[in-house]
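Below is one structure, written out as structure tokens; comments come after it.
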Amino acid sequence: MIGERIKQARIAAGMTQDEVVAALAELEQPLTKAGLSKYERGGSTPKPTLLRSLARIFGVTADFFLESPHVRVEWLAFRKAKSLGKTQEEQIKTIAASQVEAFVTLCRALEPSRVPSTPEKIKVRSVVDVEKAASSLRDQWRLGDQPIESVTTAIEDSGGIVLEMGGQEDLFDGLSGWADDSTPVVVVSSSVSDDRRRFSLAHELGHLFMDVGKVDAKTEERLAHRFAAAFLVPASTARRELGEKRRHLDFRELAMLKLKHGLSMAAWIFRASDLAIIDEPHARTLFAELSAKGWRKEEPVKFVGREQPLRLRQLTVRSLAEGLLTRTQAERICPSALQDLTEERPSVPSSMDARTLMKLPKAERERLMEQAATLVESDYGAGGSLTGFDALGKTQRT
């Protein structure tokens, strides 16, 4: 057990065995690489002084090595760039598994009677089945056919686990699996755009809730892509927005739909083509124009969503408040949970014209306006510097 925890902590810290040996030497704890490897394999047990040094190097508490892992995580799919090395991949999985373990442990302690609502996998053998599977999941989660404000919240409210990993640039999009065969887990990159993150979340849901049978990896990825688009924008919604049949789509139209549904302009073109709303030649023309304008890498409008996972942070703060965790333990489980409230408040753009504001989703507009109102509240209060502003009320347009 101790050996497994040492290896887990080392991988999570992104260190090689040679780097650990060098760090121990600086702490005057000489150890060979063979000796460290033996400890990790469980061939022998390190002394308490060495465990304390390892804890210092890995940024964990010494009791971490004595805690027995009691949550089994089975990873199912990992969508990543070819340039992401095996070591980095293992690090992401190890850190995620550690956070899943903490998440499940806190849930069991705080909400022992809560059972995740886990839909059964749906048998998929065609794209028609994919559309039905996406629609079925939306129905089970009571999402209706309107734009999903937050895919993350939908997963967390249904008992799933959503984690984000930073510092990997755009080398990976999504990782998914099961905790103890009952709780769905989705890990996404924190360094990608919100619309890409939403698509990745929905894509991983496809891997989790579709039974695609024995197909090759490329086909499975294609089906998961179709699921993601259908989950974010059901066929009936796409036809309501675009019409049953179109000869031409305008990029300005696609930009507005991106802001409304959180689905990229490129994905909207794919969606329209998949549903035969436009023909394939027109889709190819649109993609060629996107490339010519440089919009395949960065589209001209930015969707601002609310896809930051909050459940682990909430559980950590609650456990700290109820005395189930020490501050040191809470910081190890979820460092961002203990940020000061003044640091937690999202910043309000310094300037934004009305047209740009109105392009944002309704929920985002209301959030920004609420923040702005809070920031200038004192100016409008009794004795504030703008108390005479009411005199202009009749000339203002809302």
Among ARG318, ARG313, ARG306, which is part of a loop (DSSP other than H, G, I, E, B), among the charged types (D, E, K, R) and on the phi < 0 side of the Ramachandran plot? ARG306
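Residues that are among the small types (Gly, Ala, Ser) and in contact with a strand residue (DSSP E or B) (Cβ under 9 Å, 6 or more places away or on another chain): does the stretch 85-95 have at least one?
So far as the stretch 85-95 goes, no, none of its residues is among the small types (Gly, Ala, Ser) and in contact with a strand residue (DSSP E or B) (Cβ under 9 Å, 6 or more places away or on another chain).
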ASP18: passes all of (1) assigned to a helix (DSSP H, G or I); (2) within 20 Å of THR61 (Cβ to Cβ) but (2)
In this structure, does ALA134 turn out to be buried (at least 19 other Cβ atoms within 10 Å of the Cβ), touching a helix residue (DSSP H, G or I) at 6+ places or on another chain (Cβ under 8 Å), modelled with pLDDT of 85 or more and closer than 30 Å to THR326 by Cα? no
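Using the structure shown, decide if PHE103 is touching a residue at least 60 places away in the same chain (Cβ under 8 Å) and either over 26 Å from GLY160 (Cα atoms) or touching a strand residue (DSSP E or B) at 6+ places or on another chain (Cβ under 6 Å) (or both). Outline the logic, then answer.
On the way: touching a residue at least 60 places away in the same chain (Cβ under 8 Å): yes; either over 26 Å from GLY160 (Cα atoms) or touching a strand residue (DSSP E or B) at 6+ places or on another chain (Cβ under 6 Å) (or both): yes.
Answer is yes for this residue.
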Could you give every pair whose Cβ atoms fall below 6 Å, whose first residue belongs to the stretch 259-273 and is at negative phi, and whose second residue is assigned to a loop (DSSP other than H, G, I, E, B) and charged (D, E, K, R), counting only separations of at least 6 or pairs across chains? MET265/GLU299
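Listed here are the residues, each with its yes/no results for (1) within 23 Å of the chain's Cα centre (by Cα); (2) at pLDDT 95 or above; (3) under 17 Å from PRO309 (Cα atoms); (4) among the small types (Gly, Ala, Ser).
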residue	(1), (2), (3), (4)
SER158	yes, no, yes, yes
ASP180	yes, no, no, no
SER189	yes, no, yes, yes
VAL192	yes, no, yes, no
LEU205	yes, yes, yes, no
GLU241	no, yes, no, no
GLU253	no, yes, no, no
LEU257	yes, yes, no, no
SER264	yes, yes, no, yes
Which residue pairs have Cβ atoms closer than 7 Å, lie 6 or more positions apart in sequence or on different chains, and pair a first residue in the stretch 210-226 that is closer than 18 Å to GLU120 by Cα and assigned by TED's automatic domain parsing to the domain that holds SER176 with a second residue that is of a type in the set (Asp, Glu) and surrounded by 15 or more Cβ atoms within 10 Å (Cβ to Cβ)? VAL212/GLU220
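For ARG197, state whether it is surrounded by 18 or more Cβ atoms within 10 Å (Cβ to Cβ), charged (D, E, K, R), in a helix (DSSP H, G or I) and touching a residue at least 12 places away in the same chain (Cβ under 8 Å).
On the way: surrounded by 18 or more Cβ atoms within 10 Å (Cβ to Cβ): yes; charged (D, E, K, R): yes; in a helix (DSSP H, G or I): yes; touching a residue at least 12 places away in the same chain (Cβ under 8 Å): yes.
Yes.
The values are calculated or read from the model by the stated rules, or taken from the named source; none is laboratory data. Being a predicted model, the structure only gives us computed values, none of them experimental. Every residue, glycine as well, gets a Cβ built from its backbone with ideal geometry; the counts of neighbours run over all protein chains shown.
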